[in-house]
Amino acid sequence: MSSITKTNKNITPIPLVKKPSLTPTTVPAVDPGGRPDAESTRTACIRTFGCQMNVHDSDRMRRMILDAGYTEVTRYEDADLVVLNTCYVRENAVDRVRGHLGELSRLKREGRVKKVALTGCIGAAEESRQLEKQYSIDLILGTHNTYELADFIGLPGMEETHTPELPGTEGEHTAFVTIMTGCNYKCSYCVVPSVRGRMVCRPMENVVHEVRRLVGSGTRYVTLLGQTVDAWRDPEGSGNKFFDLLGRVAEEAPRVWFTTSHPSNMEDRTLRLIGERETIVGKLHLPVQSGSDRMLKAMHRGYKSDRYRRKIEVFREAVPEGTLSTDIIVGHPGETEEDHEETLRLVEDCSFDSAYVFKFSPRSGTEAAGLAKSPGAVPEGVAQRRFLEVLRAVEQNAFKRNQRKIGSTEEIYIRHAKNGNGRAVGETWSGHAVHVPTTAKPGGYVTSKIESAGPHVLYAGEPVGPPR
Ligand code: 5AD
Ligand code: SF4
């Protein structure tokens, strides 16, 4: 039996192990081959590590670099200037960046790369001073002063025009719009509040204008971004909350999503809105971190597991076809076997479609880092086993849920054009990632029947009719 699903709705292919955030994203190059021919042309390479906020910051820096007359290249050895826009959330992120910095030092000694800039969350952290000395970095910028890059590359007086108020890349089919920065929570394990600062929200009209402008320039998919988007409230005192903003944006843009949310801020009416509005993708990313009330308390998350479960019930009822993803940390100091069992129980109850599972990583300056050597610390071997158990539970469940989609006919938004294996990567309105054999361009839609499914992705057949 096939049913056509055009409820609006929902995920980027979310790997179950790691966030795309920790994978360096090479920005699309103007000249993927190598150094452009004009000898006088300056070249720059931007590498992005981390979350979508960082991808968005890289977009803004890219515009400055292009404005300053640089050509973008993909390989370090072809670049005069290399910008590493970094993530600081987990220790291995820093190790990874160190690897890149080591390679860049060598290329600088060989005279191939001239300048290296370190930006983003590591740039905002203390540790950057030591990296600056060790690797002779030319410019260090945090997350609040990326506009200073303008000065560095010879764009005078750009502070005004490259503030965070400005949109990212315009004219592309998909765009990220930052609605708030920073975070007012103080989760025990997290460096974000110290590197990104307290929450600052953009005025509603400002966001709506940006969305309107983006849509006018061809954007077909808008993602609202922030560390806790659902904590957004209008700084101009109108009393509007995230629910109101999302509703407004859903009237302006043909396709909308938002990330990341905090369970304590997520209102039931917002969850219902996802199901009601045709233009909102039916996927929800709601980090739970643990299923144990004891751990949630130690983490200062501000909710109990049953409250989280109730939110999920509301979401499942409001968006029955929707997809749900979460973040889970295993091995936080003090986590016992019982706590872990409770996380497994919650994974079972919530039936996640995907999850980012992390092993606790002590981040200096955080409360939990101070406990990493305490008797309650979880040994690596135990953390690894728990990590695999949670991952397996999520994966089995996701696989079962995906199998149920086989036979349904879906309208699929094309995110990435057809690649070497002849399939484009798209997303259904319920937020499932789909591979589909089509030459349709990113930003377009095709309608196809789901023929098979893995734990992470659905596979669709030949589209019916032409792309729209
Ligand atoms: N250790 C492990 N995971 C962490 N995260 C944040 N800080 C840490 C840490 N110190 C995870 C959380 C968060 C996601 C972005 O990264 O699950 O939701
Ligand atoms: Fe970090 Fe907690 Fe804020 Fe999320 S809510 S950014 S985990 S402090």
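What follows draws every value from the coordinates through simple rules; no lab data is involved. This one's a predicted model, so the numbers in the text were calculated from it and none came from an experiment. Neighbour counts are summed over all protein chains in view; Cβ atoms, including those assigned to glycine, are modelled from backbone coordinates with ideal geometry.
The label point for Arg198 and the one for Ser136, both projected 7 Å from the Cα toward the Cβ, are 4.2 nm apart. Summing +1 for each Lys or Arg and -1 for each Asp or Glu among the other residues whose beta-carbon sits under 10 angstrom from that of Cys187 gives +1.
Compute the length gained on full extension between Arg98 and Glu337: take 0.36 nm times their separation in residues and subtract their Cα-Cα distance, giving the result in nm to one decimal.
Working: separation 239, 0.36 × 239 = 86.04 nm, distance 3.45 nm.
Taking Arg98 through Glu337 to full extension adds about 82.6 nm, to one decimal.
Computed about its Cα centre, the charge dipole of the chain is approximately 640 debye, with only Lys, Arg, Asp and Glu carrying charge at their Cβ. Distance between the modelled labels on Lys304 and Ser452, one decimal in nanometres: 4.6 nm (7 Å Cα→Cβ projection).
Pairwise over distinct Cα atoms, reciprocal of the mean inverse distance: report the Kirkwood radius of region 353-468 in Å, one decimal place.
Values: mean 1/r = 0.0605 Å⁻¹.
About 16.5 Å, per the Kirkwood formula over Cα pairs.
Grab region 323-468 and count how many Lys pairs have their alpha-carbon atoms under 21 Å apart, sequence gap of 8 or more, or different chains. Write out the running numbers ahead of the final one.
Working: Lys359/Lys373; Lys400/Lys449; Lys405/Lys449; Lys418/Lys441; Lys418/Lys449; Lys441/Lys449.
Going through region 323-468 pair by pair, I get 6.
Between Arg345 and Arg272, full extension at 0.36 nm per residue minus the direct alpha carbon distance yields a gain of 23.7 nm.
If r is the Cβ-Cβ distance from Arg213 to Glu236 and R0 is 22 Å, what FRET efficiency results, to the nearest 0.05?
0.70
Residues Phe49, Phe387 in ascending order of nearby Cβ atoms (within 10 Å, fewest first): Phe387, Phe49. Computed from the C-beta positions of Glu462 and Lys297, the FRET efficiency with R₀ = 45 Å rounds to 0.30. In the neighborhood of Glu451, defined by Cβ-to-Cβ distances under 15 Å, what is the net charge if each Lys or Arg adds +1 and each Asp or Glu adds -1? Counting the neighbours of Glu451, the net charge comes to +2. Absence of a disulfide-compatible partner, taken as no other cysteine beta carbon within less than 4.7 angstrom, is noted in the chain for Cys45, Cys51, Cys87, Cys121, Cys183, Cys201, Cys350. Charge dipole (Cα centre; +1 on Lys/Arg Cβ, -1 on Asp/Glu Cβ; no other charges) of region 318-357 amounts to roughly 180 debye.
Between His173 and Glu110, what FRET efficiency comes out of the Förster formula 1/(1 + (r/R0)^6) with R0 = 56 Å and r the beta carbon distance, rounded to 0.05? Calculated transfer efficiency: 0.90. Projecting the Cα atoms of Leu324, Val357, His285 onto the charge dipole of region 264-363, computed from C-beta unit charges around the Cα centre, puts His285 farthest toward the positive end. The Cα trace of the chain gives Rg and Dmax of 22.2, 64 Å, the first to one decimal, the second as a whole number.
Measuring nothing but how far apart in sequence close Cα pairs (under 8 Å, 6+ apart) lie, relative to its length, region 163-318 scores a relative contact order of 21 percent. The orientation-averaged shadow of the Cα convex hull for region 261-328, equal to a quarter of the hull surface, comes to 4.1 nm².
Sorted fewest first by neighbouring Cβ atoms within 10 angstrom, Val357, Val82 come out as Val357, Val82.
Each of Leu324, Leu388, Leu107 was scored by other Cβ atoms within 10 Å of its Cβ. Arranged with the fewest first, they read Leu388, Leu107, Leu324.
Other residues whose C-beta falls under 13 angstrom from the C-beta of Phe399 contribute a net charge of +3, scoring Lys and Arg +1 and Asp and Glu -1.
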